[in-house]
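Peer 1: Can you read through this structure? Questions will come right after.
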Amino acid sequence: MTAGFQLKNEGRDDYQIDGMYRSMVLSRHIQVVTDTDRGGDEGIYQGPDLVNASYVIVPVVAGEIVAWRCDAYCVVTSVSGGTALILSGGPVGTMIDLYFFLPITTSNATAGAQVFRDDGTLVFCASKKPLVFAGVTNGDGVFSYTPGRSYAAICITAYMKMMVTVFGAQPAVSALYVEMMGMVKAVGGGVQIDKRMTFSYFAANAGQAVYFPVRGETPHGNVFAVIDVTGY
């Protein structure tokens, strides 16, 4: 380490701020509401929609980590092409808090500790709001941390399952289409994770539509990073 600061905790791993790592800090915090129903506009889903799931698409900056906090079940399903799609188990109008983190670049702070590389690159500033991990979940259930604090989630892997159940025989064939996703919602002092239905359609007399390839399941379960966003 040619420049920086290093602190060693007795009996624990080193925690260090140096030229090897630029701190991830909050770049922005916004509130959005879902504006689009997770409907069957693909054509074969002849409705009615039996689930009130919805989503919103927001712009992201290259390299941003996206975290969310919501009283309804939500998940970030994709981050690509300069946008992120956030799917909610709630209806259109569901409010979601989004937190975006980037490696630190500059700071206007006039007080507090700052650490620079030997080339002058800022790698840490005490006035910035850092990405603080509370834990990593594995599976479903309630994950509790410190009472009275607020937590958000970052998707590592999310469960997804798509199914079709066929009734009858050609030409009078009907089908039930179902999609399930791993999602997270905020609870007091932690988060709750579950597999939630994001759409369900019964297509009467669907004909050849039942052969649309919607059957599949991801090989992994729900794994989310939980971060502390109290005061963010």
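The values are calculated or read from the model by the stated rules, or taken from the named source; none is laboratory data. Quick caveat, the model's predicted, so the values are computed rather than measured. Methodologically, a virtual Cβ is constructed for each residue, glycine included, from the backbone with ideal geometry; neighbour enumeration extends over all protein chains shown. Note: accessible area is taken over every heavy atom of the protein model, side chains too, but ligands, DNA and RNA are not part of it. Shrake-Rupley method; radii C 1.70, N 1.55, O 1.52, S 1.80 Å.
Peer 1: Determine, yes or no, whether residue 86 is in a strand (DSSP E or B), open to solvent by 50 Å² or more (accessible area, probe 1.4 Å) and under 12 Å from residue 184 (Cβ atoms). Reasoning before the result, please.
Peer 2: Values: in a strand (DSSP E or B): yes; open to solvent by 50 Å² or more (accessible area, probe 1.4 Å): no; under 12 Å from residue 184 (Cβ atoms): yes.
Spelling it out, it is not the case that residue 86 is in a strand (DSSP E or B), open to solvent by 50 Å² or more (accessible area, probe 1.4 Å) and under 12 Å from residue 184 (Cβ atoms).
Peer 1: Output the residue which, of all residues in the range 8-43 that are farther than 30 Å from residue 117 by Cβ and open to solvent by less than 30 Å² (accessible area, probe 1.4 Å), is modelled with the lowest pLDDT. Quick ask: steps written out before the conclusion?
Peer 2: Residues of the range 8-43 farther than 30 Å from residue 117 by Cβ: 30-43.
If we keep only those that are open to solvent by less than 30 Å² (accessible area, probe 1.4 Å) too, we end up with 32, 34, 39-40.
Values: 32: 97, 34: 94, 39: 66, 40: 50.
Residue satisfying both the conditions and the ranking: 40.
Peer 1: Same structure, new question: Among the candidates 144, 127, which residue alone is open to solvent by 50 Å² or more (accessible area, probe 1.4 Å) and at pLDDT 90 or above? Full working, then the answer.
Peer 2: Working: 127 fails: at pLDDT 90 or above.
Result of the check over 144, 127: 144.
Peer 1: Within the range 70-83, which residues are touching a strand residue (DSSP E or B) at 6+ places or on another chain (Cβ under 7 Å) and in a loop (DSSP other than H, G, I, E, B)?
Peer 2: Answer for the range 70-83, where residues must be touching a strand residue (DSSP E or B) at 6+ places or on another chain (Cβ under 7 Å) and in a loop (DSSP other than H, G, I, E, B): 70, 71, 72, 73, 82.
Peer 1: Go through (1) modelled with pLDDT of 95 or more; (2) open to solvent by 30 Å² or more (accessible area, probe 1.4 Å); (3) among the small types (Gly, Ala, Ser) and name the single condition residue 112 misses.
Peer 2: Evaluating residue 112 over (1) modelled with pLDDT of 95 or more; (2) open to solvent by 30 Å² or more (accessible area, probe 1.4 Å); (3) among the small types (Gly, Ala, Ser) leaves (1) as the failure.
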